[in-house]
């Protein structure tokens, strides 16, 4: 009974934080558009429709867009001109199209059935939750997905070298790397930087 109560409580807390995060942004604004894009990316990570590489690419583009917006605001005394808004909207349209293409292509995230696969899936869920809640900036999410993509390639290479299996030593190595990435996810979600 207690694990069920804990799961229910955690789910309600995540849902409440997501709703609160979404209500802080006025509708029809650039901020709302970026928030919607982040939610779409998080949903793609959660569902497995986006691979680590695709997510890294999308979050990198979002981080560049955020940097570009800050530069525009700095150049115009903290405001965006109509031309700036048009340019940002065009860039968001391109990113939106890329999100759609990446979510609907044949590539999906697969994690495997064992302990390593379950941890990989769990870490992707934690990244998705960080993106959705705004606890991770697009740049942080891109860096984390880059690390995940590297580990995925390393695991694939080890399996290819050993007939599809990981040796006990390799499983230990992967476990240590996953522990390190887990700490990095935690640190990025709990630092002062936010994506909203």
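The values are calculated or read from the model by the stated rules, or taken from the named source; none is laboratory data. Please read all numbers here as calculations on a predicted model, not as lab measurements. Ideal geometry is used to build each Cβ from the backbone, glycine not excepted, and the neighbour counts take in all protein chains shown.
Kindly evaluate residue 69 against the criterion of being within 17 Å of the chain's Cα centre (by Cα), buried (at least 19 other Cβ atoms within 10 Å of the Cβ), on the phi < 0 side of the Ramachandran plot and touching a residue at least 24 places away in the same chain (Cβ under 8 Å).
Taking the combined requirement at face value, the residue does not satisfy it.
Could you list, in sequence order, all residues of the stretch 154-190 that are more than 18 Å from residue 114 (Cβ to Cβ) and either in contact with a helix residue (DSSP H, G or I) (Cβ under 6 Å, 6 or more places away or on another chain) or at pLDDT below 90 (or both)?
Answer for the stretch 154-190, where residues must be more than 18 Å from residue 114 (Cβ to Cβ) and either in contact with a helix residue (DSSP H, G or I) (Cβ under 6 Å, 6 or more places away or on another chain) or at pLDDT below 90 (or both): 185, 188, 189.
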